[in-house]
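Structure first, commentary second.
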Amino acid sequence: MSLAVRSPVAGVVVGLDSVPDPVFSGRIVGPGVAVAPDRTSGEEVTALAPVGGTIAKIHPHAYIITTDEGRSVLVHLGLDTVGLRGRGFTLLAGEGEAVDAGQPVITWSPAHIEEHGLNPIVPVIALEGDESALGPIRPGRKVAAGDTLMDWA
C-alpha cells in the first residue's frame, strides 16, 4: 500500500542532493526530499503533519510521525536549528499524540531562521525507507502545505 507523504510547508521541492548538510544529502538518516519554504517578511508558518499517525518524537525544530503501519517520517525545520534551543518555534502537538495528515504540529518563522544565519530548508525523510520506493520526486515544483510531496510504496 502506497503512503502519500504531504508537504509540511509551502515552497519549492528540492532534491536531497542539493541540501547543504551531509546528514541529509548523504541520506544518513534516510531517503526523502526537501522543501525550500516560502518566506514572507518574518511571518510565522505552520508546519503540518506529512502523514497521519502518532508523534513518536518532537523537538522545537523537528518531529517524527509514525504511521499505524510502522512507517516513520522525519520533518526537520531548517538546518542546524537545534542550536536555537527552541527560540522561534511553538509546539502545537505533543509526543505520543495522534495526528491526522495535514494537522498543525509546529509554528516557526523561516525568516527568523535566516536572520540567525541558518538555512530554513525543510528535509522530509522516510526513516528506514528504501529510496527506490519513493516517488515521484520533482525538484523545482511548487507545493502548498498539505500537497502530496512524494509517495512511499
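Between the range 13-35 and the range 38-70, the alpha-carbon centres lie 17 Å apart. Looking at the chain, identify the longest residue range that excludes and avoids all GluC sites (Glu not before Pro) in DSSP loops having at most 12 other Cβ atoms within 10 Å. The longest such stretch corresponds to 70-127.
Residues whose amide H comes within less than 5 Å of that of Gly102, counting only those at least five positions distant or on another chain, are Ala49, Val51 (H built at 1.01 Å from N in the peptide plane).
Checking [x] 2, 9, 17, 23, 22, 16, 8, 3, 1, 0; [y] 2, 11, 21, 25, 23, 13, 4, 1, 0; [z] 1, 7, 11, 12, 13, 12, 11, 11, 10, 7, 4, 1, 0 against the coordinates, the calculated P(r) over Cα pairs in 5 Å bins from 0, in percent falls under label [y]. If R₀ is 35 angstrom, what is the calculated FRET efficiency for the pair Glu69 and Glu44, using the beta carbon separation as r and rounding to 0.05? The value I calculate is 0.60.
Note on the range 1-150: with charges restricted to the Cβ of Lys and Arg (+1) and Asp and Glu (-1), its dipole about the Cα centre is near 180 debye. What the phi angles of the range 9-17 give under the Karplus curve with 6.51, -1.76 and 1.60, with θ = phi - 60°, is a coupling list of 9, 7, x, 10, 5, 10, x, 4, 4 Hz, glycine and proline written as x. The simple Förster model, with R0 at 35 Å and r as the Cβ-Cβ distance, assigns Leu91 and Ser132 a FRET efficiency of 0.55. Between the listed residues Ser2, Ala36, Val75, the Cα displaced farthest toward the positive end of the dipole of the chain, a dipole computed from Cβ unit charges relative to the Cα centre, is found at Ala36. Ordering Arg87, Arg6, Arg27 from the fewest to the most neighbouring beta carbons within 10 Å gives Arg87, Arg27, Arg6. At full extension, Arg27 and Lys142 could sit 39.1 nm farther apart than now, given 0.36 nm per residue minus the alpha carbon distance.
All of the numbers you see were taken from the coordinates with simple rules; none came from a lab. What you see is a predicted model, and the numbers here were worked out from it, not measured in a lab. Here the Cβ is made from the backbone with ideal geometry for all residues, glycine too, and neighbour counts use every protein chain on show.
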